[in-house]
Amino acid sequence: MSGEFGGNDGFYSSSDSYEDEPPLLEELGINFDHITQKTLAVLNPFKAAEHDMMQDTDLAGPLVFCLAFGGSLMLCGKLQFGYIYGIGVVGCMAMYFLLNMMSLTGVSVGCVVSVLGYCLLPMVILSSSAVLLSLKGMIGIVLTVLAVVWCSFSSSKLFVSALSMENQQPLVAYPCGLVYGVFALLTVF
């Protein structure tokens with residue numbers, strides 16, 4: 001037996017060092033470089049996305065974007081967090097099943113949630129603009145259509161890149177557009 005407060009029985013001893021421990025963000029799997037790269041891939045959908053970056057199923061960015069979307073809707077007087085969660089879960093599960101039927105390699109739930117969550121960023125921008133102007137006029141309709149197209153184009157590009165699905169981006173963009181269209185309806189009405 002090695003003693004009451006030392007050795008291998010789980011207690012802290014003075015010889016243990018915190019220098020050997022990895023940083024907390026690394027242990028939690030939060031990589032700010034990947035978050036920045038994925039956010040820039042959404043903001044610039046015409047730039048090619050890296051395949052290995054998309055395999056990282058990071059959920060910190062999508063969580064922040066979902067909370068920002070709900071917060072900006074709340075600034076408009078709409079408390080929609082439950083709807084955002086419900087539509088997000090149903091949309092992610094539907095896209096998961098659809099993409100697994102379409103691709104040869106298959107996709108993980110984490111990858112689907114990560115891509116759909118990151119591509120919610122244009123909806124956050126749209127809902128933030130709804131704080132300042134009404135989206136029920138012609139300008140609002142144009143902005144809403146642009147946001148849905150931007151979201152669906154970005155997400156389909158990232159899915160095609162992650163799953164190596166050549167020439168299938170329009171097939172993936174349509175259901176993505178449906179998911180983001182429902183989020184746009186939450187924003188406008």
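Using the eigenvalues of the Cα gyration tensor, what equivalent ellipsoid semi-axes result for the stretch 63-144 when each is taken as the square root of five times the eigenvalue, whole Å, largest first?
28, 14, 10
Given springs between every Cα pair under 10 Å in a Gaussian network model of the chain, which of 166, 19, 27 has the largest fluctuation?
Per the Cα network of the chain with a 10 Å cutoff, 19 tops the list.
Report the charge-dipole magnitude of the chain in Debye, nearest 20, computed about the Cα centre from +1 at each Lys and Arg Cβ and -1 at each Asp and Glu Cβ.
Here the size comes out at about 1640 debye.
Count the lysine pairs in the chain that are 8 or more places apart or on different chains: how many have C-alpha atoms under 27 angstrom apart?
For the chain, qualifying lysine pairs total 4.
Roughly how many nanometres apart are two label points built 7 Å out from the Cα toward the Cβ at residue 109 and residue 37?
2.6 nm
As a test of the definition: which semi-axes, in Å, follow for the chain when you take the square root of five times each eigenvalue of its alpha carbon gyration tensor? Largest first, please.
Semi-axes, largest first: 38, 22, 14 Å.
Applying a 10 Å radius around every beta-carbon, put 102-109, 38-45 in order of their mean neighbour count, most first.
Ranking, from highest mean packing down: 38-45, 102-109.
Normalised radius of gyration for the stretch 105-189, please: alpha carbon Rg relative to 2.2 N^0.38 Å, two decimal places.
For the stretch 105-189, the normalised Cα radius of gyration comes out at 1.15.
Only the coordinates and a few stated rules stand behind these numbers; no lab work does. These numbers come from a predicted model, not from an experiment. Here the Cβ is made from the backbone with ideal geometry for all residues, glycine too, and neighbour counts use every protein chain on show.
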